[in-house]
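In what follows, a single structure is set out as structure tokens and then discussed.
The values are calculated or read from the model by the stated rules, or taken from the named source; none is laboratory data. What you see is a predicted model; the values in this text were computed from it and never measured. We place every Cβ from the backbone using ideal geometry, glycine too, and count neighbours over all the protein chains shown.
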Amino acid sequence: MTRILGIDPGSQRTGIGLIDADANGKGTHVFHSAIYLLDNDTFPLRLKQIFDDTLALIDTWKPDEVAIEKVFMARNPDSALKLGQARGAAICAVVHRNLPVTEYAPKEIKQAVVGSGGADKTQVQHMVRLLLGLTGKLQADAADALAIALTHAHTRSSILRLGIPRTAWRRR
């Protein structure tokens, strides 16, 4: 089993999802949550909270690998920059603990979990619940983080099965 931490970075909430994945890519739910950031007085304090809380999660749950969503270009450039900074804070925490981190584009995650790169948030939430056998409502950011972890589990098992290097998996 490989423990995978999925991170859905955000400047207001950062989703966290942990799964254990077997060699075939089947995931088992371990933990999910969202880091709520709006109680901080300044944006730099939000970034610090992402860094600190990610370190604490890593120390508590001991993941083997980490997967994080890539930045997409939002309509608002300021939002895209804040998202990139939140992502950077999380990545710094992961690298600080010497863990490997893999990045996935939003369309890649939706394709892996739902089967369509154009899926909406409710479809992602539904499929995450089905794939992990969860019941009840799933907070959107936590669902996205679990979807990122599932994407990594499926991708890494395919790479291992095919016997190809990780760099050969992605188109350039």
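Here is the figure for the stretch 89-108: residues that are outside any loop (DSSP other than H, G, I, E, B), among the hydrophobic types (A, V, I, L, M, F, W, C) and at pLDDT below 95 total 0. Candidates in the stretch 74-104 are the residues that are over 17 Å from L37 (Cα atoms) and among the basic types (K, R); of these, the one that is surrounded by the most Cβ atoms within 10 Å (Cβ to Cβ) is R97. Given the condition touching a His at 6+ places or on another chain (Cβ under 6 Å) and either farther than 28 Å from T60 by Cα or not in a strand (DSSP E or B) (or both), answer yes or no: does some residue in the stretch 109-127 qualify? Yes.
Starting from residues that are among the acidic types (D, E) and in a strand (DSSP E or B), keep the ones in the stretch 55-80 and report whichever is farthest from A140 (Cα to Cα). Only one residue fits best here, namely E65.
So, L5, is that one surrounded by 13 or more Cβ atoms within 10 Å (Cβ to Cβ), in contact (Cβ under 8 Å) with a residue 12 or more places away in the chain and either assigned to a helix (DSSP H, G or I) or among the acidic types (D, E) (or both) or not?
no
Among the residues making up the stretch 41-73, those that are surrounded by 13 or more Cβ atoms within 10 Å (Cβ to Cβ) and modelled with pLDDT under 95 are E69, K70, V71. Scanning the stretch 28-54 for residues that are part of a strand (DSSP E or B) and touching a helix residue (DSSP H, G or I) at 6+ places or on another chain (Cβ under 8 Å) yields T28, H29, V30, F31, H32, S33, A34, I35. Test of understanding: among I50, I91, I58, which residue is within 14 Å of the chain's Cα centre (by Cα), on the phi < 0 side of the Ramachandran plot and free of Cβ contacts under 8 Å to residues at least 24 places away in the same chain? Among I50, I91, I58, only I91 is within 14 Å of the chain's Cα centre (by Cα), on the phi < 0 side of the Ramachandran plot and free of Cβ contacts under 8 Å to residues at least 24 places away in the same chain.
When each of A147, A140 is tested for being crowded, with 18+ Cβ neighbours inside 10 Å, in contact (Cβ under 8 Å) with a residue 40 or more places away in the chain and either more than 16 Å from G10 (Cα to Cα) or within 14 Å of the chain's Cα centre (by Cα) (or both), the lone residue that passes is A147. The residue of the stretch 154-166 that is modelled with the highest pLDDT, among those that are part of a helix (DSSP H, G or I) and farther than 11 Å from T102 by Cβ, is H154.
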